[in-house]
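Engineer: What follows is a single structure, and I will ask about it in a moment.
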Amino acid sequence: MTVDDVTDLYREFGDDRLPPGQRETSKFPVLSKGDTPSWDPETWEFTVTGAVEDELSLSYDEFRDLDTVTQRQDFHCVTGWSKLDCEFTGVSFTHLAELAGVEPDAVHVMFHALDGYTTNLPLEDCMRDEVLFTWAFDGDDLAPEHGGPLRVVTPHKYAYKGAKWVDGVEFLTEPERGYWEKRGYSNTADPWDEQRYS
Ligand SMILES: Nc1nc2c(c(=O)[nH]1)N[C@H]1C(S)=C(S)[C@@H](COP(=O)(O)O)O[C@H]1N2
Ligand SMILES: [Mo]
């Protein structure tokens, strides 16, 4: 298995790998708005909807059969901790977008999750090799409290932009706001510019 190290992406945004106001931790704290939702591998379904040529609906096995990558990434939580060198395995956003065929008028993306959580990003912030739908962390199945069976990781943004328990991605022709973006957290969430609150 090759591991792609993308921990140098900070150079695009700032001089320091650790964004301002962040403290490094070796722990992996859990931050969820509510309880960890349960899921059934038999009925779990991942959908790609909205401004795409082919809306997709994938079973868990079908999703796991997609082309896979493993990357070493950093993880920055808006509450002030960062976890460096996390190894995530999964499917890249760009690969999924390619499979569905993004319509030219798509400009924005909403992620949907089993607990009702949503989070949004401009399409160009999603169309990066580092944005993954991941089911494994450091070689083990992603723990349920960290978003198993499937979560999004966004190492160029604070981690609330990465939906745990993700089961849908919706391509939008106009920006919309997700759960925390409607409740005072930054819509843009750049850790190197300390965009924590709006
Ligand atoms: N579905 C879902 N995704 C979510 C959340 C949530 O409550 N529900 N919390 C977000 C927040 S605020 C953070 S900081 C990260 C935390 O991920 P972790 O619990 O794996 O550390 O998940 C994000 N994704
Ligand atoms: Mo968070």
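None of the figures in this text is laboratory data; all of them are computed from the coordinates on show. Predicted, not measured: the structure shown is a model, and the values here were computed from it. Virtual Cβ from ideal backbone geometry, glycine too; neighbours counted across all protein chains shown.
Engineer: In what sequence, highest mean first, do 68-74, 55-61, 87-93 appear when ranked by Cβ atoms within 10 angstrom? Can you show the working numbers first?
Structural biologist: Details: 68-74: 19.4, 55-61: 14.7, 87-93: 22.6.
Per-residue Cβ counts within 10 Å, averaged per peptide and sorted highest first, yield 87-93, 68-74, 55-61.
Engineer: Separate question: Based on Cα positions only, what radius of gyration and what Dmax would you give for segment 40-193, in angstroms?
Structural biologist: Considering segment 40-193 through its Cα atoms, Rg and Dmax are 14.4, 43 Å.
Engineer: Of 21, 99, 68, whose Cα points farthest to the positive end of the dipole of the chain (charges on the beta-carbon: +1 Lys, Arg; -1 Asp, Glu; origin at the Cα centre)?
Structural biologist: Projecting each Cα onto the dipole axis, the largest value belongs to 21.
Engineer: Here's another thing I want to ask about it. How far apart, in nanometres, would the label points at residue 127 and residue 4 be if each is projected 7 angstrom from Cα along the Cα-to-Cβ direction?
Structural biologist: So the two model labels end up 1.6 nm from each other.
Engineer: To continue, here is another question. Quick check on the chain: helices-only [θ] at 222 nm, where DSSP H runs of length 4 and up contribute -39,500 (n - 2.57) each and the sum goes over total residues. Nearest 500, please. Please list the in-between numbers first.
Structural biologist: On the way: 3 runs with 17 residues, N = 198.
About -2000 deg cm²/dmol.
Engineer: Loop only by DSSP, 10 or fewer other Cβ within 10 Å of the Cβ. Give me the trypsin sites (Lys or Arg not before Pro) in segment 1-64 that pass, ordered by residue number.
Structural biologist: On the way: sites: 11, 17, 23, 27, 33, 64; in loops: 17, 27, 33.
Here the trypsin sites (Lys or Arg not before Pro) that fit, given the DSSP loop and packing criteria, are 27.
Engineer: Moving on to the next point. Rg(Cα) of segment 1-82 divided by 2.2 N^0.38 Å? If you can, show how the numbers build up before the last one.
Structural biologist: Working: Rg = 17.6 Å, N = 82, 2.2 N^0.38 = 11.7 Å.
Ratio of Rg to 2.2 N^0.38 Å for segment 1-82: 1.50.
Engineer: Between residue 107 and residue 24, what is the FRET efficiency for a Förster distance of 35 Å, r being their Cβ-Cβ separation, to the nearest 0.05? Spell out each step's value before the answer.
Structural biologist: Values: r = 35 Å, r/R0 = 1.00.
Efficiency for this residue pair is about 0.50.
Engineer: So how far apart, in nm, are the two label points at residue 136 and residue 177 if each is 7 Å from Cα heading toward Cβ?
Structural biologist: So the two model labels end up 3.9 nm from each other.
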